[in-house]
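Have a look at the structure below before the remarks.
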Amino acid sequence: MSARKLYELAGKRDNQVFSPYCWRIRLALAHKGLAVQHASWRFTEKDSIAHSGQGAVPVLEDNGQVIHDSWNIACYLDRVYADRPALFDSPMSKGQALFIKHWLEGVIHPAMIKIVIMDILNCLDEKDQAYFRQSREARFGVSLEAFEDKSPEQLQRLRQALAPVRQTLKLQPFLSGQGVGFADFMLLGAFLWTGSVSDTALLESDDPIAHWREELLKSYAGALEGVLRPGF
């Protein structure tokens, strides 16, 4: 049994992982080649991670250490397991990845969630649905039904917002440069989040980002086995 344990947000099924932040760390651990015990967690199970001092996942327990927040966990993994493949290959790349983190969370995630919000609700365990509806409707100021937008126009807005990724991938194979890194896992985590709950195609099949995504899915297939939605 691994001394590591990762708490991940799950839906109705224990193996339905769908948080973009949890996906980042699942991929990061696989990149590092670190074995981990996966623990399914739901929004209303705050008590099970109370020892982390807050109420959200991912939470990583590692040989007596308890670390929360995907960025903090990634930094921890690179510091403690510096002999393993790097998530950030230099202080400069770490700074650039931090910019990508804020761009994703401020621009791309909001564009995606408008498309898949009802799909998320429908994937949740029954005990989480009321909490999710109440907390998100308070955040958005409208009902989930009114917030949702699966229109072609919203899809186009998302695809246009991803333009910097396409420009980058024309010049290098990964967001992190010549090798894969945490910047790639953050964006891939966003696609795994939406793809785990919805069959809406966010990208055109000939989009260079779709090719990048498929190559990474192949490279990290072992970490994704049994937890991807059928047909993803």
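The table that follows gives values for the structure above.
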{"quantity": "Whichever residue in the stretch 177-200 is part of a loop (DSSP other than H, G, I, E, B) and either aliphatic (A, V, I, L, M) or in contact (Cβ under 8 Å) with a residue 12 or more places away in the chain (or both) and, among such residues, is farthest from residue 57 (Cα to Cα)", "calculated": "179"}
{"quantity": "Residues that are assigned to a loop (DSSP other than H, G, I, E, B) and touching an Asp or Glu at 6+ places or on another chain (Cβ under 9 Å), drawn from the stretch 154-176", "calculated": "162, 173, 175, 176"}
{"quantity": "Pair list, Cβ < 6 Å and 6+ apart or interchain, from the stretch 44-59 residues that are of a type in the set (S, T, N, Q) to residues that are in a helix (DSSP H, G or I) and surrounded by fewer than 19 Cβ atoms within 10 Å (Cβ to Cβ)", "calculated": "44/127; 44/131"}
{"quantity": "Matching entry among 50, 35, 39, 56 (being exposed (fewer than 13 other Cβ atoms within 10 Å of the Cβ), under 23 Å from residue 126 (Cα atoms) and not charged (D, E, K, R))", "calculated": "50"}
{"quantity": "When residues of the stretch 201-232 are limited to those that are part of a loop (DSSP other than H, G, I, E, B) and aromatic (Phe, Trp, Tyr), the one surrounded by the most Cβ atoms within 10 Å (Cβ to Cβ)", "calculated": "220"}
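For (1) surrounded by fewer than 17 Cβ atoms within 10 Å (Cβ to Cβ); (2) β-branched (Val, Ile, Thr), each residue gets a yes or a no:
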residue	(1), (2)
20	no, no
25	no, yes
68	no, no
105	yes, no
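Residue-wise test of (1) in contact (Cβ under 8 Å) with a residue 24 or more places away in the chain; (2) under 14 Å from residue 43 (Cβ atoms); (3) assigned by TED's automatic domain parsing to the domain that holds residue 106.
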position: 119; (1), (2), (3): yes, no, yes
position: 128; (1), (2), (3): yes, yes, yes
position: 134; (1), (2), (3): no, yes, yes
position: 145; (1), (2), (3): yes, no, yes
position: 157; (1), (2), (3): yes, no, yes
position: 161; (1), (2), (3): yes, no, yes
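The values are calculated or read from the model by the stated rules, or taken from the named source; none is laboratory data. Since we're looking at a predicted model, the values are computed, not measured. Please note: Cβ atoms are built from the backbone with ideal geometry, for glycine as well, and neighbour counts cover all protein chains shown.
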